[in-house]
Amino acid sequence: MKRSIYSILIMAVAAGAFSSCKKFMNMDHYFKDRMNVDTLFVRKDYAEQWLADVYTHLRGENVDVASKDYAPFNLISDDLFFGDRGDELDGRSYKNYKNGEYTESWIQGSWGSCYQGIRKATIFIYNIDRNRDMTKQEIAGRKAEARFLRAYYYWLLLRKYGPVPLMPEQGIDYTLPYEDLAVPRSNYDSCVEYITRELATAAKDLSPDRTNRDIVRPTRGAALAARAKVYLYAASPEFNGNTEMADLVDNEGKALIPQTYNEEKWAKAAAAAKDVIELGLYRLFTVPFNANDQGTAQPKTIVPPYDARYSDASFPNGWKDIDPFESYRQLFNGAITASGNPELIFSRVNEVSNVGPEAMAKHQTPYSMGGWNAHGISQKQCDAYYMNDGTSIATNPRVGGFTANAVDNKPLPAGVSLQYANREPRFYASVAYNGSIWYRLSALDANLRSKQIYYYRGEPDGKQPASPQFHVRTGLGVKKFVNPIDSHDGKILGSFVVPKYEPAIRYAEILLIYAEALNELGGTYNIPDYTGKTTHAVSRNITEMSKAISQVRIRAGLPDFDGGTYGVKDQFRKALKRERQIELLGENHRYYDLRRWKDAPVEEATPVMGCNMDMTSAQRDLFHTPVVIPSLPTIFIKKMYLWPISHDELRRNKKLTQNPGWTTPF
């Protein structure tokens, strides 16, 4: 069979695909004696196929929302855990991660994959102008996509490893001696400057929106939103004047993390978020108020307690016309399409089919209903959710007793601990408390469509001697990403799992970034917008902070923070951190948030607590009394701030330096 030019070239790339960034080479020289570069990029179909291959590096370990084999960082912080892996060393278990027993060889696919994506994107950027089939506008758009992807791959590396080598885009001669090809790590600020500049450049030529067919392609908003994330991390304590990381140095002994605090970095983050907001393209997704019960798929709206400020006003000023529970639940469970979601800014969509949110849902589903019964949340996460009137559970004594029916404490069914009553809607959309109802409405047999699931010892989904791995270790499961239609048991007729997409970046996150960044300012800064044609004057403006974060809270059926919280920087920072913990659960933020805030030494070393899984239904009061979970140990030491660089990469690149606390090969 005759191979296409594209397939031959891809084979050549694969044959010379370098897992180390040091092998990044001069583009034209690379093609010499392999393929005529003119032949490839002059044709639209071959060029499009090349760009499609650049996108493939968004897969695997580079996804954001997936189960442990692809995105373990999403499940090894203080909020979520996984239990379906043995506890032996090198078993890639939760215990291995949390005890710091992982090594320099673990989860290293992202390094090579990102640099391959960076290299392929650069080849495309420097050669697509040769194309004879595309218009100038099409060329500019596709080049901007490649530029976005290249910057995004650098961002994924920066988030995981800290400062990384920025590769020269041209001029590396691979005929030089091996050691001369080595490239040292760039400092953190240089990485940020490069990535944000590239994203701003890409934004100018990216389309503001996409059709259904092109939904996976980045938009102008995606580039600007990613830029805001990069600036946010750069402003945060871990990377802004962190003298505790003075030992993170390059090959010449120079510090890679800025040792002096710079408040203006917060202003840049705020201005970058404002760039996204002022596009006027995004809004928080909401579901209309539902006055009538439409069955288990969409029950009657549970109205939040009356509040004169919000109960009679329409969204975003109030919750009169929305269903807070469904507005949050349907955002993640596939009830709406990616193209129909006004909140979604960037998603890999099909790139993570069956490994992203769909895999999360299967791992969260009870064992007795065809799932793995493996993911759960900590008691800390459970208690982070507010009461339905916006007060904290910490200010309310833990309630004893159990529900007697399914009417008085909706949405709780009978036989459920009253400590789960009267909680905010995001709690019920996210938490599978003991005794909650699970659905699989796609089952043809009506008798199999719902089940009340208990985690008591001896119950089908509780602690079982025969299957110690497949039980929710804290007695607190996860419902986020689960659709009531989903049935993961292939033996049941009609079983179907609703397709879901990854919320890599959504508008709620941008609003939270904006509020967080404004809170840290002590002065007024004039920051150029992404075009450089105008400026944003940013300062700690309480009105602007409230305008942003109140939307997130009102969508959740909660009142905005009071003046006392907004008036004190420390108080608002604490409230903002909690809001991110709740709103962004399971979206691969918490692990990195705790590190960039430098909160991990305390929060990740705090013992994981949950229900007493050794108690049976006859001991239900004791079951619901929080205890330390011995099978979920946790510590935090300095080396756990950044992921180690593999020994293979350090051997290949003699100018590469290791992250603090990790070993370097001899």
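Pop out the ³J(HN,Hα) list for segment 321-328 in order, Karplus 6.51 cos²θ - 1.76 cosθ + 1.60 with θ = phi - 60°, rounded to Hz; leave Gly and Pro as x.
9, 10, 10, x, 4, 5, 4, 8
Per-residue counts of other Cβ atoms within 10 Å, averaged by peptide: what ranking do you get for 111-117, 531-537, 643-649, highest first?
Values: 111-117: 23.4, 531-537: 11.0, 643-649: 21.3.
Most protected by this proxy first, the peptides run 111-117, 643-649, 531-537.
Whole number in Å², please: accessible area per residue of segment 366-482, 1.4 Å probe, ligands, DNA and RNA not counted. Please list the in-between numbers first.
Working: 4280 Å² over 117 residues.
Solvent-accessible surface per residue comes out at 37 Å².
Please report the equivalent ellipsoid semi-axes of the chain, computed as sqrt(5 x eigenvalue) of the Cα gyration tensor, largest first, in whole Å.
Values: eigenvalues 345, 156, 140 Å².
Largest first, the chain gives 42, 28, 26 Å.
Kirkwood hydrodynamic radius (Cα pairs, Å) of segment 391-444? Could you put the intermediate results ahead of the total?
Values: mean 1/r = 0.0814 Å⁻¹.
One decimal place: 12.3 Å for the Kirkwood radius.
Filter the GluC sites (Glu not before Pro) in segment 230-322 to those in DSSP coil with at most 12 other Cβ atoms within 10 Å of their Cβ, and list the result. Show your work: numbers first, answer last.
On the way: sites: E238, E244, E252, E263, E264, E278; in loops: E252, E263, E278.
Passing sites in segment 230-322 are E252, E278.
If you roll a 1.4 angstrom probe over the protein chains with everything in place, what fraction of the accessible area of the chain belongs to carbon and sulfur, to the nearest %? Could you put the intermediate results ahead of the total?
Values: 12870 of 25430 Å².
The value for the chain is 51 percent carbon and sulfur by accessible area.
So if I place +1 on the C-beta of Lys and Arg and -1 on the C-beta of Asp and Glu, and nothing else carries charge, what would the dipole magnitude of the chain be about its Cα centre? I want it in debye, nearest 20. Walk me through the numbers before you get to the answer.
Numbers: 83 positive and 78 negative charges, 161 e Å.
So the magnitude is around 780 debye.
Which angle from 0 to 90°, rounded to the nearest 10, does the C-alpha axis of helix 542-555 make with the longest principal axis of the chain?
60
If you average over every viewing direction, what projected area does the convex hull of the Cα atoms of segment 517-619 give, in nm²? Can you show the working numbers first?
Working: hull surface 41.8 nm².
Projected over every direction and averaged, the Cα hull of segment 517-619 covers 10.5 nm².
Given +1 on the Cβ of Lys and Arg, -1 on the Cβ of Asp and Glu, and no further charges, what dipole in debye does segment 455-580 carry about its Cα centre, rounded to the nearest 20? Each step should come with its number before you reach the end.
Working: 19 positive and 14 negative charges, 45 e Å.
About 220 debye.
List the GluC sites (Glu not before Pro) within segment 72-153 that DSSP assigns to loop and that have no more than 11 neighbouring Cβ atoms inside 10 Å.
Details: sites: E88, E101, E104, E138, E145; in loops: E88, E101, E104.
Those that pass, being in a loop and sparsely packed, are E88.
To the nearest 10 degrees, how steep is helix 264-277 against the longest Cα principal axis of the chain, on a 0 to 90 scale?
That works out to roughly 80 degrees.
Evaluate the distance, in nm, between pseudo-label points positioned 7 Å from the Cα of D562 and of Y306 along their respective Cα→Cβ axes.
The two pseudo-label positions are separated by 2.1 nm.
Okay, which of segment 213-250 sit inside 19 Å, backbone N to the point 7 Å along the Cα-Cβ direction of K598?
231-249
In whole Hz and in residue order, list the ³J(HN,Hα) couplings for segment 419-428 that follow from phi through the Karplus curve 6.51 cos²θ - 1.76 cosθ + 1.60, θ = phi - 60°; x for Gly and Pro.
5, 9, 8, 6, 9, 5, x, 5, 4, 6
Fully extended, how many nm does the chain gain between Q464 and T260 (0.36 nm per residue separation, minus their Cα-Cα distance)? Please report the intermediate quantities before stating the final value.
Numbers: separation 204, 0.36 × 204 = 73.44 nm, distance 5.35 nm.
Extra length available between Q464 and T260 comes to 68.1 nm.
Segment 565-614: Rg/Rh from Cα coordinates, Kirkwood Rh?
1.06
Take I505, I437 and sort them by solvent-accessible surface of the protein heavy atoms, 1.4 Å probe, largest at the top.
Numbers: I505 0, I437 45 Å².
Correct descending sequence by accessible area is I437, I505.
What is the gain in length, in nm to one decimal, between Q137 and K410 on full extension, counting 0.36 nm per residue of separation less the C-alpha to C-alpha distance?
Answer, rounded to one decimal: 92.8 nm.
Go through Q330, S487, Q571 and say which Cα lies farthest out towards the positive end of the charge dipole of the chain; charges sit on Cβ, +1 for Lys and Arg, -1 for Asp and Glu.
S487
Please list log₁₀ I(q)/I(0) at q = 0.12, 0.15, 0.16 Å⁻¹ for segment 366-520, using the Debye equation with identical point scatterers on the alpha-carbon positions.
Each listed q maps to, in turn, -0.62, -0.93, -1.03.
Projected onto the charge dipole of segment 214-267 (+1 at Lys/Arg Cβ, -1 at Asp/Glu Cβ, origin at the Cα centre), which of S236, Y261, V216 gives the Cα projection farthest towards the positive end?
Towards the positive end, the residue furthest out is V216.
Could you work out the Rg to Rh ratio of segment 171-272, with Rh taken as the Kirkwood radius (inverse of the mean 1/r over all Cα pairs)? Working shown, then result.
Working: Rg = 17.6 Å, Rh = 15.9 Å.
That ratio is 1.10, to two decimals.
Size of the dipole of segment 376-437 about the Cα centre, Lys and Arg at +1 and Asp and Glu at -1 on the beta carbon, nothing else charged, in debye to 20?
On the way: 5 positive and 4 negative charges, 23 e Å.
Around 100 debye, computed over segment 376-437.
Which residues' amide hydrogens lie under 5 Å from the amide hydrogen of V478, considering only partners 5 or more residues apart or on another chain, with H built in the peptide plane?
A432
Name the residue from I139, Y306, P626 whose Cα lies farthest towards the positive end of the charge dipole of the chain, charges +1 on Cβ of Lys and Arg and -1 on Cβ of Asp and Glu.
I139
Can you tell me how much longer the chain between N292 and E101 gets when fully stretched, taken as 0.36 nm per residue apart minus their C-alpha distance, in nm with one decimal?
63.5 nm
Using the Cα atoms as the points, what is the convex hull volume per residue of segment 508-571 in Å³? Kindly include the intermediate steps, with their values, before the conclusion.
Numbers: hull volume 5.5 nm³, N = 64.
That works out to 87 Å³ per residue.
Compute the long axis of helix 44-55 from its Cα atoms, compare it with the longest principal axis of the Cα atoms of the chain, and write down the angle in degrees, 0 to 90, nearest 10.
Helix 44-55 sits roughly 50 degrees off the main axis of the chain.
Hull surface divided by four, with the convex hull built on the Cα atoms of segment 319-432: how many nm²? Could the numbers behind the result be given before it?
Values: hull surface 37.2 nm².
In nm², the orientation-averaged hull projection of segment 319-432 is 9.3.
Run the Debye formula on the Cα coordinates of segment 464-509, all scatterers equal and no solvent, and tell me log10 I(q)/I(0) at q = 0.20, 0.28, 0.30 1/Å.
-0.94, -1.02, -1.05
Rounded to the nearest whole Å³, what is the per residue volume of the convex hull around the Cα atoms of segment 253-412? Before the final figure, lay out each step's value.
Details: hull volume 42.2 nm³, N = 160.
Spelled out: Cα convex hull of segment 253-412, divided by residues, is 264 Å³.
Given the peptides 548-560, 316-328, arrange them by the average over their residues of other C-beta atoms within 10 Å, most packed first. Don't skip to the answer; put the middle values down first.
Details: 548-560: 23.6, 316-328: 21.2.
In descending order of packing, they fall as 548-560, 316-328.
Can you work out the FRET efficiency for the pair K547 and L418, with r the C-beta to C-beta distance and R0 = 41 Å, to the nearest 0.05?
Numbers: r = 36 Å, r/R0 = 0.88.
That gives a FRET efficiency of 0.70.
With bins 10 Å wide starting at 0, give me the P(r) of segment 234-294 over every alpha carbon pair, in whole percents.
18, 26, 20, 16, 12, 6, 2
Would you please state which residues of segment 481-507 a label at T337 would reach in this model, taking the label point 7 Å out along Cα→Cβ and a backbone N cut-off of under 15 Å?
Under 15 Å, as judged by backbone N against the label point of T337, lie 499-501 of segment 481-507.
Residue by residue through segment 501-509, which ³J(HN,Hα) values in whole Hz follow from phi under the Karplus form 6.51 cos²θ - 1.76 cosθ + 1.60 (θ = phi - 60°), with glycine and proline marked x?
Karplus-based 3J(HN,Hα) across segment 501-509 equals 10, 7, x, 5, 9, 10, 5, 4, 5 Hz.
The values are calculated or read from the model by the stated rules, or taken from the named source; none is laboratory data. Everything quoted here is computed from the prediction, not taken from an experiment. No Cβ is skipped: glycine too gets one built from the backbone with ideal geometry, and neighbour counts run over all protein chains shown. The area values use the complete protein model at the heavy-atom level, side chains included, leaving out ligands, DNA and RNA. Shrake-Rupley method; radii C 1.70, N 1.55, O 1.52, S 1.80 Å.
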